[in-house]
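**Student:** Below you will find the structure I want to go over with you.
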Amino acid sequence: MIDTDEKEQIDMKYDFDKYIERRGTDSCKWNDFEKVFPGYDVSGAIPMWVADMDFPAPKEVVDAVTARAAEGIYGYPVLYSKMVGDATKSWLSRRHGWEIESKWVVAASGIVPAVTYAVQAFTEPGDKILIQPPVYYPFKDKCIKYNNRIAVENQLIVVEDGSRRRRYEIDFEDFEKKVSDPELKMFILCSPHNPVARVWTYEELARMVELCEKYDVLIFSDEIHSDLIMRGWKHVPTGAISEKNLIAAYAPSKTFNLAGIRTSALVIPDDELRKRYVHQMEIDEVTGLNVFAPIALKAAYDHGEDYLEQLIDYLDGNIKFAKEYLEANIPGAYVYTTEGTYFLWIDFNGTGLTPEEIYKTVLEKGKVAGDLGNWFGISGDGFIRLNPACPRSIVEEAVKRIASAFEK
Ligand SMILES: Cc1ncc(COP(=O)(O)O)c(C=O)c1O
């Protein structure tokens with residue numbers, strides 16, 4: 001028999017079409033974002049840049065955080081939250097089929113800081129760290145550069161099939177060349193990949209893991225987008241291939257729009273590696289989360305699956321609509337298939353405009369503020385990354401604006 005609470009959960013239908021005003025809420029996406037685009041006049045633009053959704057979190061998360069807030073006492077929480085370990089273990093087993101132990105989980109406020117702690121704990125200044133551009137820019141610009149390490153790039157390559165569909169693949173020959181360098185100590189893997197929106201296959205992951213093991217390279221596997229997998233694709237956790245020499249990073253922040261709560265979970269199966277990692281966090285004085293973080297993570301992982309299923313269908317609809325509209329209305333525009341993440345990775349180089357003209361067309365004429373492709377590396381020049389995790393009406397307005405900007 002289904003009790004009333006359970007029934008309510010099953011029947012909850014989320015209204016992702018609803019527009020919620022975020023201006024004036026101190027949201028980084030909507031307020032003062034003009035500063036992020038120096039040299040471009042983005043006044044009045046629709047913000048479709050940072051990976052932050054315009055949807056409320058699942059009801060169970062809102063209820064849990066509200067209940068905790070109502071307690072009124074916000075003293076120090078425990079440093080090592082068992083709640084985070086248990087909820088993450090259960091989520092990874094249910095959603096991704098990876099069986100872990102709760103004690104392997106280390107809570108951290110965010111994944112960018114978590115990459116930084118790993119860089120500090122396991123490499124020395126001057127060491128080389130591998131990334132795969134075009135890729136999420138803070139890896140290089142913050143985690144590697146600020147710590148005086150050297151970024152080594154294994155550029156993804158674009159492969160075109162018989163029907164002229166393009167997709168990014170890994171250049172394994174170059175990958176092996178780079179990981180075999182004794183000065184290269186760590187590989188930051190982005191899985192699924194931001195911004196190219198690939199969901200790496202088992203074979204691709206297994207080959208990268210095998211080469212890293214062969215040359216003794218630590219893998220930091222950033223799987224922050226691993227729950228956002230479009231219909232027809234499947235995420236393979238790197239740890240399901242090998243648990244050796246691995247830090248795997250998960251978070252409910254993208255999945256359930258909790259980035260501002262600052263909550264994430266690192267899975268470090270090896271005891272020695274985990275000890276060194278936690279020690280680095282102690283040195284940096286960053287152990288322990290804020291009081292709401294474990295509660296929000298637990299509520300999301302314990303009760304969020306129904307929300308997530310509805311969200312994926314909605315995002316899939318937004319992505320397909322935008323892709324079809326842009327390709328049909330802008331000669332030369334090419335939108336890569338979004339396998340995972342919610343990003344649209346759009347190549348405007350075929351329009352015949354220069355990258356600078358492309359950015360001005362989208363940002364200033366179109367008044368849509370998407371991430372500039374060259375932020376992700378020079379191979380992204382002439383591209384725009386759009387974030388369509390917002391009501392369909394906004395996506396419709398944005399793509400119409402972009403198409404008419406290219407027409408003028
Ligand atoms: C691949 C990737 N890693 C990390 C982050 C940011 O993580 P956090 O906010 O937990 O530092 C993002 C945000 O867009 C991302 O796309």
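**Student:** Is it fair to say T238 is within 16 Å of the ligand (Cβ to nearest atom) and in contact with a Ser or Thr (Cβ under 6 Å, 6 or more places away or on another chain)?
**Tutor:** Numbers: within 16 Å of the ligand (Cβ to nearest atom): yes; in contact with a Ser or Thr (Cβ under 6 Å, 6 or more places away or on another chain): yes.
Yes, satisfied.
**Student:** Looking at the structure I just gave you, is L266 in a loop (DSSP other than H, G, I, E, B) and within 16 Å of the ligand (Cβ to nearest atom)?
**Tutor:** In short, no.
**Student:** Just to be sure before I move on: is E223 among the charged types (D, E, K, R), within 13 Å of the ligand (Cβ to nearest atom) and in the same structural domain as F172 (by TED's automatic domain parsing) in the structure I sent?
**Tutor:** Against the criterion (among the charged types (D, E, K, R), within 13 Å of the ligand (Cβ to nearest atom) and in the same structural domain as F172 (by TED's automatic domain parsing)), E223 qualifies.
**Student:** May I ask you to list the residues in region 241-263 that are away from the ligand (no atom under 12 Å from the Cβ) and of a type in the set (S, T, Y)?
**Tutor:** Result: S242, single match.
**Student:** Find all pairs meeting these conditions: Cβ atoms under 8 angstrom apart; at least six residues apart or on different chains; first residue within region 224-248 and over 18 Å from I319 (Cα atoms) and touching a residue at least 40 places away in the same chain (Cβ under 8 Å); second residue part of a strand (DSSP E or B) and more than 16 Å from the ligand (Cβ to nearest atom).
**Tutor:** T238/L246; G239/L246; I247/L218
**Student:** Given (1) farther than 12 Å from A249 by Cα; (2) touching a Ser or Thr at 6+ places or on another chain (Cβ under 9 Å); (3) touching a residue at least 60 places away in the same chain (Cβ under 8 Å); (4) not in a helix (DSSP H, G or I), where does E99 come up short, assuming only one miss?
**Tutor:** The failed condition is (3).
**Student:** Let me ask another. I'm trying to understand the selection: among the residues of region 87-134, which are closer than 20 Å to H235 by Cβ, out of contact with any helix residue (DSSP H, G or I) (no Cβ under 6 Å at 6 or more places or on another chain) and among the β-branched types (V, I, T)?
**Tutor:** Scanning region 87-134 gives T88, I111.
**Student:** OK, next. Hey, any hits in region 280-296 for a residue that's in a helix (DSSP H, G or I) and either touching a strand residue (DSSP E or B) at 6+ places or on another chain (Cβ under 6 Å) or among the hydroxyl-bearing types (S, T, Y) (or both)?
**Tutor:** no
**Student:** If a residue must be in contact with a helix residue (DSSP H, G or I) (Cβ under 7 Å, 6 or more places away or on another chain) and modelled with pLDDT of 95 or more, how many such residues does region 58-82 contain?
**Tutor:** Qualifying residue count for the region: 6.
**Student:** Does at least one position in region 43-56 carry a residue that is over 19 Å from the mean Cα position of the chain (by Cα), surrounded by 15 or more Cβ atoms within 10 Å (Cβ to Cβ) and assigned by TED's automatic domain parsing to the domain that holds I312?
**Tutor:** Yes: one or more hits.
**Student:** While we're looking at this one, here's another question. Could you check region 106-148 and list, in sequence order, the residues that are part of a loop (DSSP other than H, G, I, E, B) and either charged (D, E, K, R) or outside the structural domain of P252 (by TED's automatic domain parsing) (or both)?
**Tutor:** Selection gives E124, D127, K145.
**Student:** Still on this structure: Out of everything in region 230-252 that is part of a loop (DSSP other than H, G, I, E, B) and among the hydrophobic types (A, V, I, L, M, F, W, C), what residue ends up being surrounded by the most Cβ atoms within 10 Å (Cβ to Cβ)?
**Tutor:** A251
**Student:** Tell me the residue from D227, D216 that is at positive phi and part of a loop (DSSP other than H, G, I, E, B), please.
**Tutor:** D216
**Student:** Return yes or no: is L184 over 30 Å from G260 (Cβ atoms), touching a strand residue (DSSP E or B) at 6+ places or on another chain (Cβ under 9 Å), within 16 Å of the ligand (Cβ to nearest atom) and not assigned by TED's automatic domain parsing to the domain that holds E339? Let's see the steps before the verdict.
**Tutor:** Values: over 30 Å from G260 (Cβ atoms): yes; touching a strand residue (DSSP E or B) at 6+ places or on another chain (Cβ under 9 Å): yes; within 16 Å of the ligand (Cβ to nearest atom): no; not assigned by TED's automatic domain parsing to the domain that holds E339: yes.
So L184 does not fit the description; no.
**Student:** When only residues in region 106-150 that are of a type in the set (D, E, K, R) and out of contact with any Pro (no Cβ under 7 Å at 6 or more places or on another chain) count, which is nearest to the ligand (Cβ to nearest atom)?
**Tutor:** K142
**Student:** For Q155, all conditions in the list (1) closer than 29 Å to H279 by Cβ; (2) more than 14 Å from the ligand (Cβ to nearest atom); (3) touching a Ser or Thr at 6+ places or on another chain (Cβ under 9 Å) hold save one; what is the number of the exception?
**Tutor:** Only one criterion in (1) closer than 29 Å to H279 by Cβ; (2) more than 14 Å from the ligand (Cβ to nearest atom); (3) touching a Ser or Thr at 6+ places or on another chain (Cβ under 9 Å) is unmet by Q155, namely (1).
**Student:** Conditions: (1) within 16 Å of the ligand (Cβ to nearest atom); (2) among the hydrophobic types (A, V, I, L, M, F, W, C); (3) assigned to a helix (DSSP H, G or I); (4) surrounded by 20 or more Cβ atoms within 10 Å (Cβ to Cβ). A87 meets all but one. Number of the miss?
**Tutor:** (1)
**Student:** Mind telling me which of the residues F321, F292, F348 ends up being closer than 23 Å to R198 by Cβ and buried (at least 17 other Cβ atoms within 10 Å of the Cβ)?
**Tutor:** F348
**Student:** Shifting gears a bit: Check off (1) within 15 Å of the ligand (Cβ to nearest atom); (2) more than 18 Å from C212 (Cβ to Cβ); (3) in contact (Cβ under 8 Å) with a residue 40 or more places away in the chain for R166 and give me the number that stays unchecked.
**Tutor:** The failed condition is (1).
The values are calculated or read from the model by the stated rules, or taken from the named source; none is laboratory data. It should be emphasised that the depicted structure is a prediction, and the values quoted were computed from it without experimental measurement. Cβ coordinates were reconstructed from backbone atoms using ideal geometry, including for glycine residues, and neighbour counts include every protein chain displayed.
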